[in-house]
Amino acid sequence: DAGGTPLAVARLAERIDGIESGRQSVESVLRNAAAVTLTVVVLLGLIAALAAVRPLRAIASAARTIAQGDLGATLSVRTGDEIEEVAHALNAVVAMLRDRLVSSGAEEATMQALLDELPVGVVVFDAARHPVRMNPAARILCGFESGAEAVRATEITSLPGQRAAMERAAEEARGEAVALSL
């Protein structure tokens with residue numbers, strides 16, 4: 001610059017094909033890195049899914065076995081996470097069911113033994129008025145034949161005097177003595 005007037009202009013430039021070549025190289029590296037990263041992510045996701053699904057399938061299989069009535073089934077899952085906690089909870093439910101069934105069976109046997117000792121005829125009905133228990137005295141007094149006793153006991157609920165008595169007993173939650181004519 002000689003007193004405000006430029007003496008020369010310098011221009012720096014690179015050929016466009018060199019810039020384009022560099023851009024394509026960078027794009028190629030980025031595409032390859034993205035493809036490798038995506039492949040690794042998919043494989044790791046697949047491995048994680050398989051690791052999570054295997055214990056879940058074991059739990060589902062055990063649940064189906066339990067649903068079919070096999071309360072001896074136990075489940076051993078070692079994942080160290082919530083899935084293992086679900087397996088432990090399922091084992092606890094099965095143990096509780098087993099205990100309740102044993103207890104229920106003992107109570108049922110006790111009830112039947114007590115009914116069998118009563119000198120009067122007793123027929124026990126459920127809420128739907130179906131006979132669930134009866135003692136030997138009831139079989140003899142009603143003349144029920146073996147094998148047809150459940151059907152014959154169900155007929156009791158349709159007898160006019162019996163039906164009304166059963167309805168009153170259900171409403172008032174107390175027993176009532178009514179003569180029975182079969």
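On segment 39-90, 64 percent of the accessible area sits on carbon and sulfur atoms, based on a 1.4 Å probe.
Of the residues 92, 125, 112, the one whose Cα sits farthest towards the positive end of the charge dipole of segment 85-182 is 125 (charges of +1 on Lys and Arg Cβ, -1 on Asp and Glu Cβ, taken about the Cα centre).
Grab the DSSP H runs of the chain that are 4 residues or longer, score each as -39,500 (n - 2.57), total them, divide by all residues and round the 222 nm result to the nearest 500 deg cm²/dmol. After summing the helix terms and dividing by residue count, I get -22500 deg cm²/dmol.
Working from Cα positions, state the angle (0 to 90°, nearest 10) between the long axis of helix 82-117 and the longest principal axis of the chain. Tilt of helix 82-117: around 0 degrees.
Rounded to the nearest 20, the Cβ-based charge dipole of segment 41-182 about its Cα centre (Lys and Arg +1, Asp and Glu -1) stands at 380 debye. Solvent-accessible area per residue in segment 49-150 equals 67 Å², computed with a 1.4 angstrom probe and all protein chains kept. Using a cutoff of 8 angstrom between alpha carbon atoms and counting only pairs six or more residues apart, the relative contact order for the chain works out to 9 percent. Sorting 156, 47 by solvent-accessible area of protein heavy atoms yields 47, 156, largest first, with a 1.4 Å probe. In order along segment 52-69, phi translates into HN-Hα couplings of 7, 6, 4, x, 5, 5, 5, 5, 4, 5, 5, 4, 5, 4, 5, 4, 7, x Hz, rounded to whole numbers, per the Karplus curve 6.51 cos²θ - 1.76 cosθ + 1.60 with θ = phi - 60° and x for Gly and Pro. Among 11-18, 167-174, the peptide with the highest mean count of other Cβ atoms within 10 Å heads the list, and the full ranking is 167-174, 11-18.
Per-residue 3J(HN,Hα) values for segment 34-45, derived from phi via the Karplus relation 6.51 cos²θ - 1.76 cosθ + 1.60 with θ = phi - 60°, read 5, 5, 5, 4, 4, 4, 5, 5, 5, 5, 5, x Hz in sequence order (x marks Gly and Pro).
Angle of helix 160-172 to the longest C-alpha principal axis of the chain, folded into 0 to 90 degrees and rounded to 10: 50°.
State the percentage of accessible surface on segment 129-182 attributable to carbon and sulfur atoms; use a 1.4 Å probe and exclude ligands, DNA and RNA. Intermediate values should be presented prior to the final figure.
On the way: 1930 of 3540 Å².
Answer for segment 129-182: carbon and sulfur cover 55 percent of the accessible area.
With every protein chain in place and a 1.4 angstrom probe, the accessible-area ranking of 79, 157, 37, largest first, reads 37, 79, 157. Specify whether the C-alpha gyration tensor of the chain places it in the rounded, prolate or oblate class, a ≥ b ≥ c being the square roots of the eigenvalues: rounded for a/c under 1.5, otherwise prolate if a/b is larger than b/c and oblate if not. Here the chain falls in the prolate category. How many angstrom lie between the C-alpha centres of segment 98-152 and segment 1-47? Using only Cα atoms, the two centres lie 90 Å from each other.
With every protein chain in place and a 1.4 angstrom probe, the accessible-area ranking of 19, 83, largest first, reads 19, 83.
The values are calculated or read from the model by the stated rules, or taken from the named source; none is laboratory data. Everything numeric in this text was worked out from a predicted model, so none of it was measured. When we count neighbours, we look across all protein chains shown, and the Cβ atoms used for this are built from the backbone with ideal geometry, even at glycine. Surface areas here come from the heavy atoms of the whole protein model, side chains and all, with no ligands, DNA or RNA. Shrake-Rupley method; radii C 1.70, N 1.55, O 1.52, S 1.80 Å.
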